[in-house]
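Scroll down for the structure; my scribbles are underneath it.
The values are calculated or read from the model by the stated rules, or taken from the named source; none is laboratory data. Quick caveat, the model's predicted, so the values are computed rather than measured. Cβ: placed from backbone, ideal geometry, glycine included. Neighbour counts: every protein chain shown. Surface areas here come from the heavy atoms of the whole protein model, side chains and all, with no ligands, DNA or RNA. Shrake-Rupley method; radii C 1.70, N 1.55, O 1.52, S 1.80 Å.
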Amino acid sequence: MTIPDPERPAVLGGRPVRPAGPPGWPRPNEAVSNVLRGMVESGEWGRYLGQHVPELCRRLAEFHSVEHVLTCSSGTVAVELALHGVGVQAGDEVIVAAYDFKSNFQNILQLKAVPVLVDLHPQTRQLDVNQVETALTEKTRAILVSHLHGGVVPMPQLRQIAESRSIAIVEDACQNPGAMIDGCRAGTWGDVGVLSFGGSKLLTAGRGGAILTSKAEIAERIKRYVMRGNEAYPLSEIQAAIVLPQLDLLDEFNKRRSNAVVRICAEVADLGLSPLQLPSSRLQPAYYKLGFRYDPGQFSGLARDTFAEAMRAEGIAMDPGFRANHLIHATRRFRAVGGLAEATRADADLVVLHHPVLLEDNDAIDQIAKAVRKIRRNAAAIQQQQCRQTS
Ligand SMILES: *Cc1c(COP(=O)(O)O)cnc(C)c1O
């Protein structure tokens with residue numbers, strides 16, 4: 001069978017929908033260039049202490065309407081410090097979704113606490129708040145909850161449960177800085193919230209993180225822990241200085257990304273990719289990754305990983321989602337609540353689109369559905385080649 005060239009998927013040697021590949025990140029940013037030039041000229045680039053870290057803390061506190069902001073060297077460290085800040089100790093239980101960022105699971109172990117894995121909500125594929133009551137024991141100290149792949153956890157409901165049992169919430173907003181949930185920013189619903197400035201994130205300094213809280217005792221406990229005669233996990237002046245101009249643009253960019261997401265979802269919903277959750281009046285999400293359930297039945301049975309690979313060959317930054325933590329860690333490391341069926345499904349069928357394309361024009365947005373259609377039409381041929389390669 002011969003396929004005419006513009007129709008031929010790039011994995012089968014055809015011309016990619018985006019021959020130049022996916023857009024890079026971070027985007028060129030004149031304000032960042034100016035800040036860096038200024039710091040080089042003034043010598044601030046080499047200083048331990050300066051005005052930029054305190055200024056970033058002040059601006060993040062104002063943006064989120066929280067009392068205290070601490071910066072640190074990564075989102076991963078920020079989660080660890082936040083767990084420490086709410087008093088998690090060896091032997092405590094911490095409730096966390098079975099499908100979550102790998103380092104969140106490992107951070108709980110780092111504190112010698114026990115991850116108690118709960119399932120995902122079948123619709124939104126976020127931590128299922130209805131499972132939390134069942135997960136509680138006298139040892140439960142905290143709930144570590146992240147908003148993933150453009151969806152959000154219903155925080156008012158989760159907070160009600162946590163408050164009635166005096167359990168702390170650590171809210172991981174690394175994937176959705178600036179998102180609004182029922183009128184409050186993501187990261188402010190928990191006793192403590194966490195942001196990442198990692199190199200692929202919406203606010204980036206290459207590395208870095210921040211901790212948000214309105215509780216003085218949590219901020220104090222974290223400060224005492226990181227101060228070992230000197231700061232143990234600092235964010236540098238340069239890092240803080242380049243996050244600041246990005247914060248100015250965050251709401252505008254989140255809005256643009258949301259509009260792009262609505263457009264993409266409308267185009268691909270009938271093609272076998274269903275979005276997890278859409279923006280609404282109560283929810284203005286932020287998109288680091290845009291997650292979809294992939295239905296192989298709509299693609300002649302083409303495996304999820306092969307589909308993602310074919311999309312990448314078309315120049316679209318799409319990847320399989322996370323591995324679920326109950327499937328990759330020894331069972332003695334955690335306690336599972338129920339069968340975790342939905343997290344197991346998420347492990348197998350989620351794909352995520354990386355965010356940089358969401359700031360591009362409509363033509364670029366429409367190329368995503370174009371690539372999906374092309375792969376869908378040729379799914380059987382891609383499948384066949386895959387079989388030939390692996391046999
Ligand atoms: C990126 C991320 C983190 C932290 O990542 P760092 O690279 O350590 O800054 C934490 N949680 C989630 C859900 C993330 O996506």
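Structure summary
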{"read-out": "Helices (runs of 4 or more DSSP H) completely within the range 67-152 that count 1 or more residues being under 30 Å from His52 (Cβ atoms)", "value": "75-85, 102-110"}
{"read-out": "Pairs with Cβ under 6 Å, 6+ apart, first in the range 100-116 and assigned by TED's automatic domain parsing to the domain that holds Gln89, second acidic (Asp, Glu)", "value": "Asn107/Glu80; Gln110/Glu80; Ala113/Asp92; Val114/Glu93; Val116/Glu93"}
{"read-out": "Condition met for Gly301 (outside the structural domain of Leu136 (by TED's automatic domain parsing), over 28 Å from Arg8 (Cβ atoms) and assigned to a loop (DSSP other than H, G, I, E, B))", "value": "no"}
{"read-out": "Odd one out for Ala269, checked against (1) modelled with pLDDT of 95 or more; (2) more than 15 Å from the ligand (Cβ to nearest atom); (3) farther than 21 Å from Leu144 by Cα", "value": "(1)"}
{"read-out": "Filter result (without any contact (Cβ under 8 Å) to a residue 40 or more places away in the chain and in contact with a helix residue (DSSP H, G or I) (Cβ under 8 Å, 6 or more places away or on another chain)) within the range 240-286", "value": "Leu278, Pro279"}
{"read-out": "Residues that are within 15 Å of the ligand (Cβ to nearest atom) and open to solvent by less than 10 Å² (accessible area, probe 1.4 Å), drawn from the range 80-106", "value": "Leu81, Ala82, Leu83, Val94, Val96, Ala97, Ala98, Tyr99, Asp100, Asn104, Phe105"}
{"read-out": "Checklist (1) near the ligand (Cβ under 10 Å from one of its atoms); (2) open to solvent by less than 60 Å² (accessible area, probe 1.4 Å) applied to Arg207, failing item", "value": "(2)"}
{"read-out": "Residues (over 13 Å from Glu44 (Cα atoms) and either of a type in the set (Lys, Arg) or open to solvent by 20 Å² or more (accessible area, probe 1.4 Å) (or both)) located in the range 228-241", "value": "Arg228, Gly229, Asn230, Glu231, Ala232, Tyr233, Pro234"}
{"read-out": "Where Val170 falls short, out of the listed (1) within 30 Å of Arg256 (Cβ to Cβ); (2) assigned to a strand (DSSP E or B); (3) open to solvent by 10 Å² or more (accessible area, probe 1.4 Å)", "value": "(3)"}
{"read-out": "Filtered residues of the range 63-72 (kept if out of contact with any Ser or Thr (no Cβ under 9 Å at 6 or more places or on another chain) and either within 16 Å of the ligand (Cβ to nearest atom) or under 12 Å from Thr213 (Cα atoms) (or both))", "value": "Thr71, Cys72"}
{"read-out": "Tally of residues being open to solvent by less than 60 Å² (accessible area, probe 1.4 Å), out of contact with any helix residue (DSSP H, G or I) (no Cβ under 8 Å at 6 or more places or on another chain) and not in a helix (DSSP H, G or I) across the range 28-61", "value": "1"}
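Yes or no, residue by residue, for (1) open to solvent by 40 Å² or more (accessible area, probe 1.4 Å); (2) among the hydrophobic types (A, V, I, L, M, F, W, C); (3) over 17 Å from Ala348 (Cβ atoms):
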position	(1), (2), (3)
Leu271	no, yes, yes
Leu276	no, yes, no
Pro279	yes, no, yes
Gln284	yes, no, yes
Arg293	yes, no, no
Phe299	no, yes, no
Ala310	no, yes, yes
